[in-house]
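S.K.: First the structure, then my questions, so here it is.
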Amino acid sequence: MRPTPHGLEWQHWRVRAPERAPAWLEVFSAEERPQSWELAQTEGTFPDVWPEYNHHGDNAGAYFGELYPRFARYQALFVDGRSGALAARARTVPFEWDGTLDDLPHGIDAVGMRAISPVGAPTALSALAAEVAPSYRGLGLSGVVLQVMAAIAASTGLSPLVAPVRPSWKDRYPLVPIERYAAWVRQDGLPFDPWLRVHARLGGRVLRCEPRSMQVTASVRDWEAWTGMTFPEDGDYVFPGGLALLNISGGSGSYWEPNVWVQHDI
Ligand SMILES: CC(C)(COP(=O)(O)OP(=O)(O)OC[C@H]1O[C@@H](n2cnc3c(N)ncnc32)[C@H](O)[C@@H]1OP(=O)(O)O)[C@@H](O)C(=O)NCCC(=O)NCCS
């Protein structure tokens, strides 16, 4: 991917947005704008971006919790140049990777844990989350977010950028294995899934599917509260927003979120 804007020190950028979006976006790092970052963490700034269960990963709190202040320079906020409203957020982590599939972490939990407990110096950048605020969706901003992630990687000497992609429409097909879903293409040859399509258009290539990327384990009571469902007996359940099945057994609910590793060469 050709990162944009090119060759600038990563601190504060102004980027041209797609035609349907605000005429320009200010892009700040969390290091530069700590107060805006804290504000973005509060509920209400990015409402309904994730289904509730997604906030309760067994390990996710450990690595998402380290992003600020430790990795502040790798986090980006996108501010509407006209209104000053937060339009999007990019969260990434640096990690050590030798570039082989053998050494590629097994999903988002694994890359997050490697990033916070490094053995050596980081060599690559992994996306953790691209979030567009609901009122800015459908304007083409997701590609800009991805390009800024690539530009962060380029300007910090970390290459390539990889992403454990959470396909947007996988929740519509929770019974389909992730390997099959990720392989679905439209007549034009681009991925069926809209978010995988954005990656593909920007030159991303699929490295591997991870059926077990992020683990969420909790009591049945918690799962019932998060999903608005009742789980009367042990078994596998389809649930709202779930990309795969939830297994209920012995009073506990266990879920593995699948992801698709995509690499962007910079
Ligand atoms: C996924 C997400 C980042 C996409 O951002 P976005 O700025 O709304 O997406 P874009 O406007 O750039 O559109 C990207 C593609 O999705 C499609 N799309 C966008 N909104 C859509 C909608 N409501 N319904 C159907 N398709 C939609 C677009 O048509 C486009 O596909 P195209 O190839 O046909 O043009 C955003 O929806 C989001 O923040 N989701 C929640 C968090 C998340 O899942 N992040 C990604 C995993 S880390």
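Each reported figure results from applying straightforward, stated rules to the coordinates on display, with no laboratory input. Predicted model, so just to flag it, every value in this text is computed and none were measured. Glycine gets a Cβ as well: all are built from the backbone with ideal geometry, and neighbour counts include every protein chain shown.
S.K.: Only one of these is within 14 Å of the ligand (Cβ to nearest atom), surrounded by fewer than 21 Cβ atoms within 10 Å (Cβ to Cβ) and assigned to a helix (DSSP H, G or I): 180, 221, 197. Name it.
M.R.: Details: 180 fails: within 14 Å of the ligand (Cβ to nearest atom); 221 fails: within 14 Å of the ligand (Cβ to nearest atom).
The unique qualifying residue is 197.
S.K.: Select from the range 36-63 the residues that are in contact with a strand residue (DSSP E or B) (Cβ under 7 Å, 6 or more places away or on another chain), outside any loop (DSSP other than H, G, I, E, B) and under 18 Å from residue 132 (Cβ atoms) and list them in ascending order.
M.R.: 36, 37, 40
Quick grid of which residues meet (1) surrounded by fewer than 19 Cβ atoms within 10 Å (Cβ to Cβ); (2) of a type outside the set (Lys, Arg); (3) part of a strand (DSSP E or B); (4) over 16 Å from the mean Cα position of the chain (by Cα):
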| site | (1), (2), (3), (4) |
| --- | --- |
| 209 | no, yes, yes, no |
| 214 | no, yes, yes, no |
| 233 | yes, yes, no, yes |
| 239 | no, yes, no, yes |
| 254 | yes, yes, yes, yes |
| 259 | no, yes, yes, no |
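S.K.: Could you grab me the full set of residues in the range 64-74 that are in a loop (DSSP other than H, G, I, E, B) and farther than 15 Å from residue 95 by Cβ?
M.R.: Of all residues in the range 64-74, those in a loop (DSSP other than H, G, I, E, B) come to 65-71.
Of everything in the range 64-74, those that are in a loop (DSSP other than H, G, I, E, B) and farther than 15 Å from residue 95 by Cβ turn out to be 65, 68, 69.
S.K.: Which condition number does residue 61 fail, the rest of (1) away from the ligand (no atom under 12 Å from the Cβ); (2) surrounded by 15 or more Cβ atoms within 10 Å (Cβ to Cβ); (3) of a type outside the set (A, V, I, L, M, F, W, C) being met?
M.R.: That leaves (2) as the condition not met.
S.K.: Considering the range 137-153 alone, what residues qualify as being in a helix (DSSP H, G or I) and surrounded by fewer than 22 Cβ atoms within 10 Å (Cβ to Cβ)? Write out each step before concluding.
M.R.: Just the residues of the range 137-153 that are in a helix (DSSP H, G or I), to begin with: 141-153.
The answer is 143, 147.
S.K.: Moving to a separate point now. Picking from 89, 114, which residue would you name as being of a type in the set (Lys, Arg), crowded, with 19+ Cβ neighbours inside 10 Å and either on the phi > 0 side of the Ramachandran plot or away from the ligand (no atom under 12 Å from the Cβ) (or both)? Let's see the steps before the verdict.
M.R.: Values: 89 fails: either on the phi > 0 side of the Ramachandran plot or away from the ligand (no atom under 12 Å from the Cβ) (or both).
Exactly one residue qualifies, and that residue is 114.
S.K.: Something else now. Need pairs with beta-carbon distance below 9 Å; first residue in contact (Cβ under 8 Å) with a residue 60 or more places away in the chain and within the range 116-140, second among the acidic types (Asp, Glu); sequence gap 6+ or separate chains.
M.R.: Listed by first residue and then by second, the contacts come to 134/48; 136/80; 139/19; 140/19.
S.K.: In addition: Has the range 109-120 got at least one residue that is in a strand (DSSP E or B) and more than 15 Å from residue 94 (Cβ to Cβ)?
M.R.: Quick first cut of the range 109-120, residues in a strand (DSSP E or B) only: none.
No, every residue in the range 109-120 fails to be in a strand (DSSP E or B) and more than 15 Å from residue 94 (Cβ to Cβ).
S.K.: Considering only the range 150-175, state which residues are within 17 Å of residue 103 (Cβ to Cβ) and among the β-branched types (Val, Ile, Thr).
M.R.: Here is the first cut: in the range 150-175, the ones within 17 Å of residue 103 (Cβ to Cβ) are 158-164.
Scanning the range 150-175 gives a single hit, 162.
S.K.: Restricting the search to the range 18-35, which residues are assigned to a loop (DSSP other than H, G, I, E, B) and surrounded by 14 or more Cβ atoms within 10 Å (Cβ to Cβ)? Can you show your working first?
M.R.: First pass over the range 18-35, keeping only residues assigned to a loop (DSSP other than H, G, I, E, B): 18-23, 30-33.
21, 22, 30, 31, 32, 33, listed by residue number.
S.K.: Oh, and also: Does residue 166 fit the bill of being free of Cβ contacts under 8 Å to residues at least 40 places away in the same chain and either basic (Lys, Arg) or within 16 Å of the ligand (Cβ to nearest atom) (or both)? Please lay out each step first, then the result.
M.R.: Numbers: free of Cβ contacts under 8 Å to residues at least 40 places away in the same chain: no; either basic (Lys, Arg) or within 16 Å of the ligand (Cβ to nearest atom) (or both): yes.
Against the criterion (free of Cβ contacts under 8 Å to residues at least 40 places away in the same chain and either basic (Lys, Arg) or within 16 Å of the ligand (Cβ to nearest atom) (or both)), residue 166 does not qualify.
S.K.: Taking interchain pairs and intrachain pairs at least six residues apart, which have beta carbon atoms under 6 angstrom, with the first residue in the range 176-190 and of a type in the set (Ser, Thr, Tyr) and the second within 14 Å of the ligand (Cβ to nearest atom)?
M.R.: Listed by first residue and then by second, the contacts come to 181/170.
S.K.: What's the number of the only condition in (1) within 16 Å of the ligand (Cβ to nearest atom); (2) under 22 Å from residue 265 (Cβ atoms) that residue 154 fails to meet?
M.R.: Exception for residue 154: condition (1).
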